[in-house]
Amino acid sequence: MTTTITTTDRLHYTGDDEADRLLASDPMALLIGFALDQQVPVQKAFSGPKVLRERLGTLDPRELATINDARLEAAAKGPPAIHRFPSAMATRIRELAAHIADNYDGDASRIWTGATDAADLRRRIAALPGFGEMKVNGLAAVLIKRLGVRPSGWEEALPKYPTLGDVDSAQALADYQAKKRAYKASLRERGETFKP
């Protein structure tokens, strides 16, 4: 099984101390942040779990999986909306919560605490609704580098490029985002697209 050594009490992704602490302390919050992390700034995506908890009173996967559709969508829409596509993200959050409820008895941390090795961890993350290769790499890096998750073979599971797992401060987040923007701009100049 996987060992975990807590290495931080917050993830510096939002600029809001309470939201940053929630990401490090509530596994479902972290997963929702990653689910929302597309086509919006990191700060917006990872602030979403705190906003949802404030509006719904819970991030419990069993409750999110069965909550009234209109209530979940209203919580996602706000105002302010948790994402530029709040209805689609409400559906994604429900699918993610249902997956956790059905496969991990409502305990999101079991994705990593129950992993037999790094390959199993990556497989478990890849099975999450909406989690492609980039999110698998990013979440694995955060779990390993920031939250101290240590499955057998973890060294080989880390991507060879910068991810949110490298972000340990507000300045590191700004640097990460600047490098990513510059890299994407250089690709556009060459007529290429971003591939993790």
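Per-residue answers, yes or no, for (1) more than 20 Å from I125 (Cα to Cα); (2) acidic (D, E); (3) open to solvent by less than 60 Å² (accessible area, probe 1.4 Å); (4) part of a helix (DSSP H, G or I):
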| residue | (1), (2), (3), (4) |
| --- | --- |
| L11 | no, no, yes, no |
| G15 | yes, no, no, no |
| A19 | yes, no, yes, yes |
| M28 | no, no, yes, yes |
| G33 | no, no, yes, yes |
| R55 | yes, no, no, yes |
Scan E95, E155 and give me the residue that is under 15 Å from the mean Cα position of the chain (by Cα), surrounded by fewer than 19 Cβ atoms within 10 Å (Cβ to Cβ) and without any contact (Cβ under 8 Å) to a residue 60 or more places away in the chain. E95
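A quick yes/no check of all residues on (1) among the β-branched types (V, I, T); (2) modelled with pLDDT of 95 or more:
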{"residue": "H83", "(1), (2)": "no, yes"}
{"residue": "M89", "(1), (2)": "no, yes"}
{"residue": "Y104", "(1), (2)": "no, yes"}
{"residue": "E133", "(1), (2)": "no, no"}
{"residue": "G138", "(1), (2)": "no, yes"}
{"residue": "A141", "(1), (2)": "no, yes"}
{"residue": "D175", "(1), (2)": "no, no"}
{"residue": "K184", "(1), (2)": "no, no"}
{"residue": "T193", "(1), (2)": "yes, no"}
For region 60-81, give me the residue count where each residue is assigned to a loop (DSSP other than H, G, I, E, B), surrounded by fewer than 17 Cβ atoms within 10 Å (Cβ to Cβ) and in contact with a Leu (Cβ under 8 Å, 6 or more places away or on another chain). 0
Can you tell me which residues in region 98-127 are open to solvent by 20 Å² or more (accessible area, probe 1.4 Å) and in contact with a Gly (Cβ under 6 Å, 6 or more places away or on another chain)? D117
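The values are calculated or read from the model by the stated rules, or taken from the named source; none is laboratory data. Model, not experiment: these values are computed from the prediction. With ideal geometry, Cβ positions are generated from the backbone for all residues, glycine too; neighbour counts draw on all protein chains shown. Remember, those area values only see protein heavy atoms, side chains included, never the ligands or the DNA or RNA. Shrake-Rupley method; radii C 1.70, N 1.55, O 1.52, S 1.80 Å.
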